1. Pairs only if they're at least six apart or on different chains, beta carbon under 8 angstrom, first in segment 361-381 and more than 24 Å from Ile435 (Cβ to Cβ), second part of a strand (DSSP E or B) and open to solvent by less than 50 Å² (accessible area, probe 1.4 Å); list them, first residue then second.
2. Among what's in segment 250-284 and is over 24 Å from His107 (Cα atoms) and among the hydrophobic types (A, V, I, L, M, F, W, C), pick the residue that is nearest to the chain's Cα centre (by Cα).
3. Quick check, is Thr23 touching a residue at least 24 places away in the same chain (Cβ under 8 Å) and under 30 Å from Lys426 (Cβ atoms)?
4. Report, by residue number, each residue of segment 322-343 that is out of contact with any Gly (no Cβ under 6 Å at 6 or more places or on another chain), over 23 Å from Leu202 (Cα atoms) and either among the hydroxyl-bearing types (Ser, Thr, Tyr) or open to solvent by 30 Å² or more (accessible area, probe 1.4 Å) (or both).
5. Here is a check on your reading of the model: is Ser348 within 30 Å of Val167 (Cα to Cα), open to solvent by less than 30 Å² (accessible area, probe 1.4 Å) and either touching a residue at least 12 places away in the same chain (Cβ under 8 Å) or in contact with a His (Cβ under 6 Å, 6 or more places away or on another chain) (or both)?
6. How many residues, within segment 127-152, are in a helix (DSSP H, G or I) and either in contact (Cβ under 8 Å) with a residue 12 or more places away in the chain or loosely packed, with under 11 Cβ neighbours inside 10 Å (or both)?
7. Pairs needed: first member in segment 290-317, closer than 15 Å to Trp421 by Cα; second member anywhere, open to solvent by 10 Å² or more (accessible area, probe 1.4 Å) and small (Gly, Ala, Ser); C-beta distance under 6 Å; at least 6 residues apart or different chains.
8. Which of the residues that make up segment 300-311 are open to solvent by 20 Å² or more (accessible area, probe 1.4 Å) and either aliphatic (A, V, I, L, M) or within 26 Å of Ile162 (Cβ to Cβ) (or both)?
Amino acid sequence: MTLIKSISGIRGTIGGTVGENLTPVDAVKFAAAYGTFLKKNSNKTKLKVVIGRDARISGPMIHNLVQNTLLGLGIDVIDLGLSTTPTVEIAVPMEGADGGIILTASHNPKQWNALKLLNEKGEFLSGADGEQILEIAESESFNFSEVDDLGEVVINDAYMDIHIDEVLNMALVDVEAVKKRKFKVVVDAVNSSGGIIIPRLLDLMGVECIKLYCEPNGHFPHNPEPLKEHLGDICKLVVEEKADFGIVVDPDVDRLAFISNDGEMFGEEYTLVAIADYVLSKTPGNTVSNMSSSRALRDITNKHNGNYHASAVGEVNVVTLMKETNAIIGGEGNGGIIYPESHYGRDSIVGAALFLTHMANLDMTVAELRASYPQYYMSKNKIELTPQIDVDAVMQKIATKYKSEDITTIDGVKIDFPTEWVHLRKSNTEPIIRIYTEAPTQAEADVLAVRFVKELKELAGV
């Protein structure tokens, strides 16, 4: 299963058979469905969509197909070219556009690409909107424009710089304080567009930047998901360079991970914890993360006398709950920082600038900062699905078995035990059940994970 159609967009592997992979035909069909959706839900005579892409090899091909499909529908395009997901998100409202498309498969390997779809606010579409687009794509009810009504393209390659300027102008970013500290930072941008925007940001903040895999050629030197097992090179280089820390971003720059000065992972779960700690110290309030994220954010929020809330997994769900609870900051435990002062989207540029300011205000190393936070350890596992498995029935059996515990079922099944938790859910983007656990020690998290993998397999008959 390498073509995944979901309410958040379409992603798949390049090449192969139409309808089973992300072929040119599929790219055109879903771009046409999105454009048709915008036209059906607008009374404007002329619509405008912002497009940007990451640096993956298939990017220019998919970009041209999507862009020309929108032009064929009579929709004008603001073409950002090589960009980042958060950059496209801020460009949509700045341009007064009716939507946006980011061409990126995020942390997936190089054979993947995707269309991520935005509304007029530069935020991901609601579930209802996504369903409507899937229905339009299925029916292929497209009506293309006649020759005199085709859309036009405006190329604007200034938005990464505009994005940086917006970030540096935020009230909680203190450029002068950072400059005084003369930080040295290693950056691994997995040879995508983060290799342009993160070094530019650091340069303007007076940070010495050591570049590792910052050539935006789409040839990812390692698995692009910013997990410990993929980041041996930067961990080693941070120590060799005697750097203050390392910054790692994924191909579309919406996920942010840090390497401590001792070459150890700061922990992607703790990216949000550290930045929230700083933000809440200046502007107390509420926080939100998804149900698969660490309890450490709850602890930090409580420390600052705020209220913590957990949403279903998925950026759109986090954002919805953030708006409902008037959260000051939120995000996801995968290194996704959502800071409404900038915009409602995961943003590594915002996150890096806030973290640098946080460190500039502290008299400690990054390793010491990490040690100062509540210590939790996670285990992340998965079970491959086959069409024969009735996932809903399996989840119901688990929920029934543990009904005496603190259970949440808004997104799969989460069981909160007194000192640990397990979250079981079907992935939105892959044919798997994810099993996330967290406990006070790694050994306890691993034991809990093994136990629930076994129980799930038994109930599913795998």
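The values are calculated or read from the model by the stated rules, or taken from the named source; none is laboratory data. Note that this is a predicted model, so its numbers are computed, not measured. Here the Cβ is made from the backbone with ideal geometry for all residues, glycine too, and neighbour counts use every protein chain on show. Ligands, DNA and RNA are stripped out before the accessible areas are found, and what is left, the full protein with its side chains, is counted by its heavy atoms. Shrake-Rupley method; radii C 1.70, N 1.55, O 1.52, S 1.80 Å.
1. If the second residue must be part of a strand (DSSP E or B) and open to solvent by less than 50 Å² (accessible area, probe 1.4 Å), the pairs left are Val366/Phe245; Val366/Phe258.
2. Taking segment 250-284 as the starting set, the residues that turn out to be over 24 Å from His107 (Cα atoms) are 261-262, 277-284.
Okay, now just the ones that are also among the hydrophobic types (A, V, I, L, M, F, W, C), so 279-280.
On the way: Val279: 20, Leu280: 22 Å.
Per the criteria, the residue is Val279.
3. When the stated conditions are applied, Thr23 does not pass them.
4. Lys323, Glu324, Thr325, Asn326
5. On the way: within 30 Å of Val167 (Cα to Cα): yes; open to solvent by less than 30 Å² (accessible area, probe 1.4 Å): yes; either touching a residue at least 12 places away in the same chain (Cβ under 8 Å) or in contact with a His (Cβ under 6 Å, 6 or more places away or on another chain) (or both): yes.
Judged against the criteria, Ser348 is a match.
6. Going through segment 127-152 one residue at a time, the tally reaches 14.
7. Going by the 6 Å Cβ cut-off, the qualifying pairs are Met291/Ala310.
8. Of segment 300-311, the ones open to solvent by 20 Å² or more (accessible area, probe 1.4 Å) are 302-305, 307-310.
Selection gives Ala310 alone.
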